[in-house]
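The values are calculated or read from the model by the stated rules, or taken from the named source; none is laboratory data. In this text, all values refer to a predicted model and were calculated from it rather than measured experimentally. So basically every Cβ, Gly included, is an ideal-geometry build from the backbone, and we count neighbours across all protein chains shown.
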Amino acid sequence: MSAAPLLRQVFGFDGFRPGQEEIVNAVASGRDVLAIMPTGGGKSLCYQLPALMREGLTVVISPLIALMRDQVRALTEAGVAAAALTSGNSEEDNAQVIRALNARELRLLYIAPERLASGATVPLLKRAGVEAIAVDEAHCVSQWGHDFRPDYLRVGELRRALGVPLAAFTATADAETRDEIMARLFNGTEPQIFLRGFDRPNIHLAFQPKDTPRRQILDFASARRGQSGIVYCGTRAKTETLAQALNEAGLSAIAYHGGMEPEARRAVETRFQREDGLIVTATVAFGMGIDKPDIRWVAHADLPKSIESYYQEIGRGGRDGAPAETLTLYGPEDIRLRRGQIDEGQAPPERKLADHARLNALLGLAEAATCRRAVLLGYFGETASACGNCDICAEPPDTFDGTEAVQKALSAILRTGQTYGAGHVIDVLIGNSTERISQRGHDRLPTFGVGRDIPRQQWQAILRQMMGRDLIRPDPERHGGLAITLAAHSVLRGEERILLRRDLTARARPAVVVRAQVDDEDAPLLSALKAKRRALAETARVPAYVIFPDRTLIEMAQKRPQTLDEMAHIGGIGAKKLARYGEEFLAVISGAASQMHPLRKALAGRASGALFDRLAEIQSRLSRGEDGTEKPLSVSMSALRRIAEDRPRDLARYLDAARIERFGAAFLSEIALD
Ligand code: ADP
Ligand code: ZN
């Protein structure tokens, strides 16, 4: 069968994402393929679709059991005969899979690389009539990467033993890794290579200097209430304190870090995968096992490690192609911390140099005065024009020639012996005679007070931007005192001019632009559709997006199909899902107006109506507690109506103790926001 109808009928997609079609064609025609696509580019489809276009079985090697399980579930939901052989299976599961294999019933078989170590696997696959191999996360074969999986080295053998074409997929593009993949997976025979661009145009990029960092994160998260998000934190302790602060603000958040027991970590992953609108505050340990396409935002409470880490971490947002937002906070402390980590690490000197450079690239992005996406893609070797989807494009910054100020600061640093931190250097610049200044005689320096015309706060921002451009660095040999770098010499000599951002020298503004997923009038229907999806997902014990992705529900809310035929034209609804869920969602749409609760109808068109809807949504979300395991509780429609109308600060007159405990905090913060 050819690609287009399968794409529509099985996967419910209207068309290919950029690059997919060429890859699908190459894989389907039996070529060896190496495809490098950014995260979220839609790699799975590139082997799943060809698997259905040919006869027989396609084996998929994938490193993560949780991901395999989700993929198999999603495929089964779409009516495709798929299964997984992993250590997570029971004996019974395995027997079932092996039976299906021997009967040649399966089209896709996911196996963990560890399976390849067993002598029984190759004969089993031979009997099963394997026609092709697909390798997900192919960079796991690279010994130099962070994700090296020794069992991946067996994939090459498997290919030889089966004598079938192999398609390898990864998001990691550097030339060394590519060469290693070619050597180890393809025995040096040249596969057809596809290199898809790195741009993820649906991800909005924004940076802010830390001002009131906790507030900045809380504001950002509150403005995105009900949407799934990740807050990356620099330390384990911060994941805990931020989760608590978010919960106190009435949001639903949970911490995740490498110090937690594996079981607890898995529980967080599963909850995040399944639940709508949960926030995970996490260290970078959180990510690899997460395959949630509808993460709507990613915030960095601290500066990431390098530009690569930044790209990978924000890349976890918006994999479904719908808009996703990011906010990265940074400050001089972050720069100091990251530099220190590199300097104090065990890596050989040339590696440290490279790490500093990758940090510099990220800082350059943080302090950028032109389109962030153009800067980011530029780092990956791509050219791009202003994107229109970053904070700088939205509001081009006010810049000024900061050369003179920078020279003054450099000279103050030099004259004080490159041993002091920013505070002391600024004291010298603005002529502040502290005890230490007079003790060291720094008030007699020619630079003392030369920067009087600029207030302290602005000097802080200037020094931070100087660190960002790697003109100065905290020197670990001198207890983090600021030292000038080679790059600063040409500025000192007046050979280079430095453009600084003025807005970053003023107080940072909080990012509280609320972006709704749909227009106001469609919002109630969208939340009704989401509630239906949640109910179906809970019954089937699958993540919500396996039923339908956000994008599909949004389109439903906007187009409001009235018949199954109209429903079939919504993106993301294949034949199987139409048959399985179509009616139920149609009922939600047609019932949206008529089924409105009579008490809610009385509020129609009034401001309290919208609040009522949100309270109702909260009560359904929390009906079984934050983690969905507690005994069901609900609040009557009439109580919700009274609360929506009165907007009380204290719920004692409206709810009993158990309900206040379950819903109180979330209700009150919703009222406060209203
Ligand atoms: P990757 O593995 O490259 O990170 P996935 O294969 O998980 O990405 O795909 C990311 C998301 O994009 C999934 O939700 C998938 O359903 C969706 N997707 C893939 N291809 C298409 C397409 N042609 N049209 C619409 N959505 C797509
Ligand atoms: Zn831009």
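Tell me whether segment 330-343 contains one or more residues that are within 15 Å of ligand 2 (Cβ to nearest atom), within 21 Å of LEU463 (Cα to Cα) and crowded, with 21+ Cβ neighbours inside 10 Å.
The first filter runs over segment 330-343 and keeps only residues within 15 Å of ligand 2 (Cβ to nearest atom), leaving none.
No, every residue in segment 330-343 fails to be within 15 Å of ligand 2 (Cβ to nearest atom), within 21 Å of LEU463 (Cα to Cα) and crowded, with 21+ Cβ neighbours inside 10 Å.
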(message) Which condition from (1) more than 14 Å from ligand 2 (Cβ to nearest atom); (2) assigned to a loop (DSSP other than H, G, I, E, B); (3) aliphatic (A, V, I, L, M) is the one that ALA357 breaks?
(response) (2)
(message) I need the full set of residues from segment 559-575 which are surrounded by fewer than 17 Cβ atoms within 10 Å (Cβ to Cβ) and not in a loop (DSSP other than H, G, I, E, B), in order please.
(response) LYS559, LEU564, ASP565, GLU566, ALA575
(message) Here is a check on your reading of the model: is ALA487 surrounded by fewer than 19 Cβ atoms within 10 Å (Cβ to Cβ), modelled with pLDDT under 90, part of a helix (DSSP H, G or I) and not assigned by TED's automatic domain parsing to the domain that holds LEU303?
(response) yes
(request) Select from segment 364-419 the residues that are of a type in the set (Val, Ile, Thr), assigned by TED's automatic domain parsing to the domain that holds LEU303 and in a loop (DSSP other than H, G, I, E, B) and write down the one among them that is farthest from ligand 1 (Cβ to nearest atom). (result) THR370
(message) Just checking, does segment 188-197 include any residue being outside any helix (DSSP H, G or I) and surrounded by 20 or more Cβ atoms within 10 Å (Cβ to Cβ)?
(response) yes
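What about LEU429, is it assigned to a helix (DSSP H, G or I), in contact with a strand residue (DSSP E or B) (Cβ under 6 Å, 6 or more places away or on another chain) and more than 30 Å from GLY315 (Cβ to Cβ)?
Values: assigned to a helix (DSSP H, G or I): yes; in contact with a strand residue (DSSP E or B) (Cβ under 6 Å, 6 or more places away or on another chain): no; more than 30 Å from GLY315 (Cβ to Cβ): yes.
It is false that LEU429 is assigned to a helix (DSSP H, G or I), in contact with a strand residue (DSSP E or B) (Cβ under 6 Å, 6 or more places away or on another chain) and more than 30 Å from GLY315 (Cβ to Cβ).
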(request) Please find, among THR235, THR239, the residue that is of a type in the set (Ser, Thr, Tyr) and closer than 20 Å to ALA366 by Cβ. (result) THR235
(message) Conditions first: (1) under 28 Å from ALA243 (Cα atoms); (2) away from ligand 2 (no atom under 16 Å from the Cβ). HIS204 passes all but one, so which condition is the exception?
(response) (2)
(message) Return the residues of segment 1-30 that are more than 9 Å from ligand 1 (Cβ to nearest atom), modelled with pLDDT under 85 and either closer than 19 Å to GLU137 by Cβ or within 29 Å of the chain's Cα centre (by Cα) (or both); say none if nothing qualifies.
(response) PRO18, GLY19
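Yes/no matrix, rows are residues, columns are (1) under 22 Å from VAL542 (Cα atoms); (2) surrounded by fewer than 18 Cβ atoms within 10 Å (Cβ to Cβ); (3) away from ligand 1 (no atom under 14 Å from the Cβ):
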{"position": "ASP32", "(1), (2), (3)": "no, no, yes"}
{"position": "ALA51", "(1), (2), (3)": "no, no, no"}
{"position": "GLU55", "(1), (2), (3)": "no, yes, yes"}
{"position": "VAL60", "(1), (2), (3)": "yes, no, no"}
{"position": "ARG73", "(1), (2), (3)": "yes, yes, no"}
{"position": "VAL80", "(1), (2), (3)": "yes, no, no"}
{"position": "ASN89", "(1), (2), (3)": "yes, yes, yes"}
(request) Filter segment 115-169 down to the residues that are of a type in the set (Asp, Glu) and farther than 22 Å from GLN20 by Cα, then identify the one that is modelled with the lowest pLDDT. (result) ASP147
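What residue, among those in segment 349-363 that are without any contact (Cβ under 8 Å) to a residue 24 or more places away in the chain and basic (Lys, Arg), is farthest from ligand 1 (Cβ to nearest atom)?
Among residues in segment 349-363 that are without any contact (Cβ under 8 Å) to a residue 24 or more places away in the chain and basic (Lys, Arg), the one farthest from ligand 1 (Cβ to nearest atom) is LYS352.
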(request) Report, ordered by the first and then the second residue, all pairs with beta carbons closer than 8 Å, sequence separation of six or more or different chains, a first member in segment 562-577 that is among the hydroxyl-bearing types (Ser, Thr, Tyr), and a second member that is assigned to a helix (DSSP H, G or I). (result) THR563/LEU586
(request) Tally the residues that are within 22 Å of ASP613 (Cα to Cα) and of a type outside the set (A, V, I, L, M), restricting the search to segment 230-249. (result) 2
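Is it true that VAL130 is of a type outside the set (Asp, Glu), buried (at least 20 other Cβ atoms within 10 Å of the Cβ) and out of contact with any Cys (no Cβ under 8 Å at 6 or more places or on another chain)?
Values: of a type outside the set (Asp, Glu): yes; buried (at least 20 other Cβ atoms within 10 Å of the Cβ): yes; out of contact with any Cys (no Cβ under 8 Å at 6 or more places or on another chain): yes.
So VAL130 fits the description; yes.
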(message) Condition check: in contact with a strand residue (DSSP E or B) (Cβ under 8 Å, 6 or more places away or on another chain) and at pLDDT below 85. Does ARG373 satisfy that?
(response) no
(request) Of the conditions (1) away from ligand 1 (no atom under 16 Å from the Cβ); (2) polar (S, T, N, Q); (3) within 22 Å of SER44 (Cβ to Cβ); (4) modelled with pLDDT under 90, THR172 clears all except one; give me its number. (result) (1)
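Taking segment 377-401, which residues are within 11 Å of ligand 2 (Cβ to nearest atom) and not hydrophobic (A, V, I, L, M, F, W, C)?
First, pick out the residues of segment 377-401 that are within 11 Å of ligand 2 (Cβ to nearest atom): 377, 384-396.
Correct list: SER385, GLY388, ASN389, ASP391, GLU395, PRO396.
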(message) Which residue is modelled with the highest pLDDT, if the candidates are limited to segment 579-623 and must be assigned to a loop (DSSP other than H, G, I, E, B) and surrounded by fewer than 18 Cβ atoms within 10 Å (Cβ to Cβ)?
(response) SER623
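Condition test on ASP355, is it in the same structural domain as VAL375 (by TED's automatic domain parsing), among the acidic types (Asp, Glu) and more than 21 Å from the chain's Cα centre (by Cα)?
yes
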